[in-house]
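Step one of this worksheet: look at the structure below.
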Amino acid sequence: MEDYRESEFPLLSWISKNPSEMAESPLFILSCLIAGLVGIFTIFYTAFQWRRNINGSWMKAIARSKKNPKTRNKVPAAPHTWALETVSRGKSLKCCVCLKSISPSQTLGPIVASERFFNRCSICGAAAHLSCSSSAHKDCKCASMFGYPHVVHQWAVRWTEVADQPDESYFCSYCEEPSSFLGGSPIWCCLWCQQLVHVDCHANMFNETGDICDLGPFRRLILSPLYVKEFNRGGLLSSITQGANEIASSVRASIICQSKKYKHSKEKHESGTSAETSNGDVVGDTTTECTADSHQVNGNIDENCSSGVNREGADQHQDSGVKKLISIPSFKRSSSINQKDESQLIGQKYELTDLPPDARPLLVFINKKSGAQRGDSLRQRLNLLLNPVQVVELSSTEGPEVGLHLFRRVPHFRILVCGGDGTVGWVLDTIDKQNYVSPPPVAILPAGTGNDLARVLSWGGGLGSVERQGGLCTLLHDIEQAAVTILDRWKVSIVNQQGKLLEPPKFLNNYLGVGCDAKVALEIHNMREENPEKFYNQFMNKVLYAREGARSIMDWTFADFPWQVRVEVDGVEIEVPEDAEGVLVANIGSYMGGVDLWQNEDEHYDNFDPQSMHDKMLEVVGISGTWHLGKLQVGLSKARRLAQGQLIKIHLFAAFPVQIDGEPWYQQPCTLTITHHGQAFMLKRAAEEPLGHAAAIIADVLENAESNKVIDASQKRALLQEMAIRLS
């Protein structure tokens, strides 16, 4: 009894204190603090759940309004273009059919194979479960409205947050009230002009404007769907074919599922006992194949599943279960059925007709394998802002010919290349082969590692600079206002001592390097081929370049370089310095991510002219080694000027690494002959130039003059060349 009273004593003594003493007690203060924190946390959690429920309610209301026949717009139905993605990329997304979260609920058991992936539309960004995608409404962005008198608004749910929109676009275009989910009425978004409207305001807006869409601020760059003709659309035959494809897909999925189960049971019977974990893996793979095949609908999932799975195959951050799912034979077979790239399907499916003379659409090429590895994200964002037909993805099997063939009847258009310097050279080579009288000018969205040509043309050094300057909307505005300039292009012939051509000529836009710099580029290239997962963004690419360069500092491989190389410029032999370990031939004022090799402002060289990318001259400089390259990168040294000229010959008496615009290879003894090939029209950001806006206006006037047949294409080309030279 005494022990009980002693244990009760501290509590009784604390209670017996007066209020002032209790307030000064540390225990009382601590308990109040904990109670306050719990209360604040409860309030925030309740508000979060309330906002989440409100958002879900508005989403359901929007979906119901879309299903209502009275509110449907008479717009051609367009099915979604599904592509597989892992659930790790869809944590904040909701299914456009069942309106439930894409991420699976937390369960104690293993995740079902079908829940590891979901379908994502590569055009509008809508997401759907594999089991729901076949029931999705055909309300995606319609690329063709051929035969309609005018473009109509295509209202849809904004399934993804558009980061490229200005702040003023987040208001209802009719009542000018905020268009937040908490603002009252559900919201629709036009997939063409990006305008937002409350569902309650749509009826009044329709009565006043007739739902006519003006395509928004980028109407000149957008390929109007009125002039896009789609082949083999609709009809009884296509319906029968579509139904047959669905039946065949279901039957094929069932057959493969049964065959896999039979094969698994047979192997288990032959091998006897096996580890329990191995059996679990095989059963999981079999189930996954059946699930994946059973959800292939309308033929779209076949081609997009293969591309989506290949993308995820390069993602090394997924777990082992995802990797095993990626490598299953079912998806490989699916990709073998549809070998054609999506860009090729676009080229065969659509045709452009009867464009007005003042149309200036933009043709976009995207190389998703460039250094930034963000091609999928860029394509979806551009699909939302432009017509999906004008956005073409480049691949190893389909080049820029597909997009240029689609635009063959467009008199005036511009090109945007989303990639690195190698991708730009690929597009320029293809343009040369088309034999344009006046070729289209090319702008660059820097998505590579060095992006030297984009730096010279003031488009920035990477995607980060584009985002900081306003995103894709600002970029599209700058392309429309850009000035046309000229870029010299050079042909590199590789011949032996007898003058015989060893391989087809290569083309140079930026620079050519022989020696130490090409060795670093070659080592990085080999590393990229062996371990592509290490090159997942621009920053890591530069880190790997720096690491390989540091390894080569103490490398004396090119100690005899001056005696194994002979350089001729315009028929005159140039002395190579004895400490040189490399020679660079430059056409532009940017190398290795922004290094200016020639430095026009340097006054120590009075016998050389300033460098220009359209003066039909090349500059030759010497490099003293990898350590010299590192000091050039940080601005602590300068390259040694050797010569300027129009005809460059580099005689190699030993095998050396060589690179052209960042594309390296190991070259046996030969002679490299560099001659002028031609000139390409490029677009330069006008905001960075004092006379840029004047040049942009003159280019537009010349295009209008050609459209009105005041001048012809050859005269316009000559005037553009003269203007670019005088205003630069």
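The values are calculated or read from the model by the stated rules, or taken from the named source; none is laboratory data. Quick caveat: nothing in here was measured; it's all calculated off a predicted structure. Here the Cβ is made from the backbone with ideal geometry for all residues, glycine too, and neighbour counts use every protein chain on show. Each accessible area value is taken on the protein alone, full model and side chains, heavy atoms only, with ligands, DNA and RNA left out. Shrake-Rupley method; radii C 1.70, N 1.55, O 1.52, S 1.80 Å.
Would you mind stating whether A643 is touching a helix residue (DSSP H, G or I) at 6+ places or on another chain (Cβ under 8 Å) and either assigned to a loop (DSSP other than H, G, I, E, B) or surrounded by 16 or more Cβ atoms within 10 Å (Cβ to Cβ) (or both)?
On the way: touching a helix residue (DSSP H, G or I) at 6+ places or on another chain (Cβ under 8 Å): no; either assigned to a loop (DSSP other than H, G, I, E, B) or surrounded by 16 or more Cβ atoms within 10 Å (Cβ to Cβ) (or both): yes.
No; evaluated as a whole, the condition is false for this residue.
Quick one: what pairs do we get from the stretch 387-410, first residue touching a residue at least 60 places away in the same chain (Cβ under 8 Å), second aromatic (F, W, Y) and open to solvent by 30 Å² or more (accessible area, probe 1.4 Å), C-beta under 6 Å, 6+ apart or different chains?
Listed pairs, sorted by first residue: V389/Y350.
Working only within the stretch 646-661, note down all residues that are assigned to a loop (DSSP other than H, G, I, E, B) and either in contact (Cβ under 8 Å) with a residue 60 or more places away in the chain or surrounded by 18 or more Cβ atoms within 10 Å (Cβ to Cβ) (or both). Steps first, please.
If we filter the stretch 646-661 for residues that are assigned to a loop (DSSP other than H, G, I, E, B), which is where we start, we get 646-647, 653-655, 661.
Listed by number, the residues that qualify are Q646, L647, F653, A654, D661.
Would you confirm, using the coordinates I've provided, whether I697 is outside any strand (DSSP E or B), without any contact (Cβ under 8 Å) to a residue 40 or more places away in the chain and exposed (fewer than 15 other Cβ atoms within 10 Å of the Cβ)? It would help to see each step written out before you state the result.
Details: outside any strand (DSSP E or B): yes; without any contact (Cβ under 8 Å) to a residue 40 or more places away in the chain: yes; exposed (fewer than 15 other Cβ atoms within 10 Å of the Cβ): yes.
Yes, satisfied.
So, of the residues in the stretch 609-638 that are open to solvent by less than 10 Å² (accessible area, probe 1.4 Å) and modelled with pLDDT of 85 or more, which turns out to be farthest from A559 (Cα to Cα)?
In this case the residue turns out to be L618.
Would you pick out the residues in the stretch 184-207 that are at pLDDT below 80 and either open to solvent by 50 Å² or more (accessible area, probe 1.4 Å) or among the hydroxyl-bearing types (S, T, Y) (or both)?
First, the residues of the stretch 184-207 that are at pLDDT below 80: 184-187.
Scanning the stretch 184-207 gives a single hit, S185.
Scan the stretch 103-119 residue by residue and report those that are at pLDDT 85 or above and farther than 24 Å from H137 by Cβ. Before the answer, list the steps.
So in the stretch 103-119, the residues at pLDDT 85 or above come out as 117-119.
Of everything in the stretch 103-119, nothing turns out to be at pLDDT 85 or above and farther than 24 Å from H137 by Cβ.
For (1) modelled with pLDDT of 55 or more; (2) surrounded by 10 or more Cβ atoms within 10 Å (Cβ to Cβ); (3) among the aliphatic types (A, V, I, L, M), each residue gets a yes or a no:
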site	(1), (2), (3)
F41	yes, yes, no
R51	yes, yes, no
N55	no, yes, no
W58	no, yes, no
A61	no, yes, yes
A83	yes, yes, yes
V87	yes, yes, yes
L93	yes, yes, yes
S101	yes, yes, no
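Scan the stretch 365-382 and tell me whether some residue there is at pLDDT 95 or above, in contact with a helix residue (DSSP H, G or I) (Cβ under 8 Å, 6 or more places away or on another chain), crowded, with 22+ Cβ neighbours inside 10 Å and not aliphatic (A, V, I, L, M).
Yes, there is a match, as at least one residue in the stretch 365-382 is at pLDDT 95 or above, in contact with a helix residue (DSSP H, G or I) (Cβ under 8 Å, 6 or more places away or on another chain), crowded, with 22+ Cβ neighbours inside 10 Å and not aliphatic (A, V, I, L, M).
Can you tell me which of (1) outside any loop (DSSP other than H, G, I, E, B); (2) without any contact (Cβ under 8 Å) to a residue 24 or more places away in the chain; (3) under 30 Å from P439 (Cα atoms) is the one P664 doesn't meet?
Going through the list (1) outside any loop (DSSP other than H, G, I, E, B); (2) without any contact (Cβ under 8 Å) to a residue 24 or more places away in the chain; (3) under 30 Å from P439 (Cα atoms), P664 breaks only (2).
In the stretch 710-728, how many are in a helix (DSSP H, G or I) and either open to solvent by less than 60 Å² (accessible area, probe 1.4 Å) or in the same structural domain as N435 (by the TED database) (or both)?
Step one: filter the stretch 710-728 for residues in a helix (DSSP H, G or I), giving 713-727.
With the extra rule that they be either open to solvent by less than 60 Å² (accessible area, probe 1.4 Å) or in the same structural domain as N435 (by the TED database) (or both), the set shrinks to 713, 716, 718, 720-721, 723-724, 727.
Number satisfying all stated conditions: 8.
Can you go through D579, D602 and tell me which one is open to solvent by 40 Å² or more (accessible area, probe 1.4 Å), out of contact with any Phe, Trp or Tyr (no Cβ under 7 Å at 6 or more places or on another chain), at pLDDT below 90 and acidic (D, E)?
Details: D602 fails: open to solvent by 40 Å² or more (accessible area, probe 1.4 Å).
Of D579, D602, the one residue that is open to solvent by 40 Å² or more (accessible area, probe 1.4 Å), out of contact with any Phe, Trp or Tyr (no Cβ under 7 Å at 6 or more places or on another chain), at pLDDT below 90 and acidic (D, E) is D579.
I'd like to verify a number: residues in the stretch 125-142 that are among the aliphatic types (A, V, I, L, M) and open to solvent by 10 Å² or more (accessible area, probe 1.4 Å), how many?
Number of matching residues: 2.
Looking at the stretch 457-472, which of the residues that are in contact with a Leu (Cβ under 8 Å, 6 or more places away or on another chain) and at pLDDT below 90 is nearest to V585 (Cα to Cα)?
Selected residue: L463.
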